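Only one structure is covered here, and it is reproduced in the block below.
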């Protein structure tokens, strides 16, 4: 399993930096994204994860096009929050090494069909069985490394299963499980990370929220990688621009931790 991580991210314990695509108009979004991409890569992150957290799906596609044209040797991926099914197509179109879906297990009730509720594509499959079947079809058609959330932040738990049962199903639906705390920028408790690790065994596990310079060493001693967003921003605020010095200092700690493990 660890070999898959090395192939996808070209690093041990990779750090994936969120590109939130903030700005008040397309020109500002794009100019800020260009600047942040350079700051993130040049200060050591292993991959960039473009997401429509503040921006639009069009902004995510623009970012992928820009990355493929200007940083083709670097690792990048996407999380299309508003339409994960389209995310698979964009990943293949722009050569993304990976993509993320916030929830692949735990968030849906089994056997309850509620289609036509206005939620696009994959998210319209609100029966867990339908969701799993459609996800399997997409993964077969678009073979990209998939990070999948289980009992993810902001998502209600409706499965009626134990954490361990949800994780057993989750590992069948993605290439690496993502664990989070309660929300964006909020710490992912070390006990939750340990519980996920115990249930998953050697299956890849990423910490997906709240990682900081103070917590990354301990969390990465258990997990196989991390997704970092808010901590890389000025004053650690999600809506703020990237702070290159915070990125550099964080990655220095990560590099030291990597060296200690070798």
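Here, each number is a calculation from the coordinates, and none is a lab measurement. The shown structure was predicted, so the numbers you read here are calculated from the model rather than taken from an experiment. Every residue, glycine as well, gets a Cβ built from its backbone with ideal geometry; the counts of neighbours run over all protein chains shown.
Across all directions, the shadow cast by the convex hull of the chain built on its C-alpha atoms averages 12.9 square nanometres. Quick one: Kirkwood hydrodynamic radius for the stretch 134-262, alpha-carbon pairs, angstrom, one decimal? By the Kirkwood definition, the hydrodynamic radius is 15.7 Å.
Packing-based ranking of 10-19, 82-91 yields 10-19, 82-91, ordered from highest to lowest mean Cβ neighbour count within 10 Å. Footprinting exposure proxy ranking of 180, 188, fewest other C-beta atoms within 10 angstrom first, gives 188, 180. Calculate the length of the line joining the C-alpha centroid of the stretch 132-155 to that of the stretch 76-113, in whole Å. Value for the Cα centre distance between the two parts: 6 Å.
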